[in-house]
Every structure is written in structure tokens, then in C-alpha cells.
Amino acid sequence: MDEPKKLRRPRTGRMLSGVCAGLADFFDLDVTLVRAIYALATVFTAFAGVIIYIILLVVIPEEKNRYFQN
């Protein structure tokens with residue numbers, strides 16, 4: 001049985017901190033599409049997207065390191 005998807009910030013394929021890449025992986029979308037939508041939403045909402053990005057950065061956990069496990 002498939003295990004449920006979890007929203008995580010990936011360690012690879014990210015530009016800043018991986019928020020858009022994590023959202024793209026979770027919703028099975030192209031990461032470029034998610035980044036473009038985010039950029040447009042940020043510009044058209046008077047840069048409220050920056051605050052949302054910071055909140056998502058804190059809330060979404062980072063993917064575990066496969067080389068170093070505690």
C-alpha cells in the first residue's frame with residue numbers, strides 16, 4: 001500500500017529554500033508553474049506573498065538527509 005504524501009521542502013531542486021519545490025511535489029505540478037504563480041500572486045497582492053513564503057518556510061519541514069540520520 002502506498003504511504004500518504006507528506007509536504008516537505010526537498011534538499012535538491014530548490015532555488016531559495018524549497019517552498020515552491022515542495023508544493024510542486026505535493027500537488028504533482030511543474031515547479032516552474034508553481035514559481036510563476038507565486039511570483040504573480042506576490043506582485044498582485046502588494047508583496048503579501050513574501051510574508052506567506054516566510055510562514056511556509058517555518059511551517060513546512062525540510063526533507064530528511066539520507067546520508068546523515070540520527
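The values are calculated or read from the model by the stated rules, or taken from the named source; none is laboratory data. Not measured: the values here are computed from a predicted model. Every residue, glycine as well, gets a Cβ built from its backbone with ideal geometry; the counts of neighbours run over all protein chains shown.
For the reader, a short list of remarks on this structure follows.
- Some residue of the range 56-65 being in contact with a Phe, Trp or Tyr (Cβ under 7 Å, 6 or more places away or on another chain), assigned to a loop (DSSP other than H, G, I, E, B) and not aliphatic (A, V, I, L, M): no
- Matching residues in the range 30-70 - criterion: being more than 16 Å from Thr12 (Cα to Cα) and of a type in the set (Phe, Trp, Tyr): Tyr38, Phe44, Phe47, Tyr53
- Of all residues in the range 1-21, those being touching a Gly at 6+ places or on another chain (Cβ under 7 Å) and part of a helix (DSSP H, G or I) number 1.
- Only one of the listed residues (Ala24, Ala46, Ala41) is touching an Asp or Glu at 6+ places or on another chain (Cβ under 7 Å) and either at pLDDT 90 or above or assigned to a loop (DSSP other than H, G, I, E, B) (or both). That residue is Ala24.
- Scope the range 38-70; condition surrounded by 14 or more Cβ atoms within 10 Å (Cβ to Cβ) and aliphatic (A, V, I, L, M); matching residues: Ile52, Leu56, Leu57, Ile60
- Within the range 36-63, the set of residues being in contact (Cβ under 8 Å) with a residue 40 or more places away in the chain and not β-branched (Val, Ile, Thr) comprises Leu57, Pro61, Glu62, Glu63.
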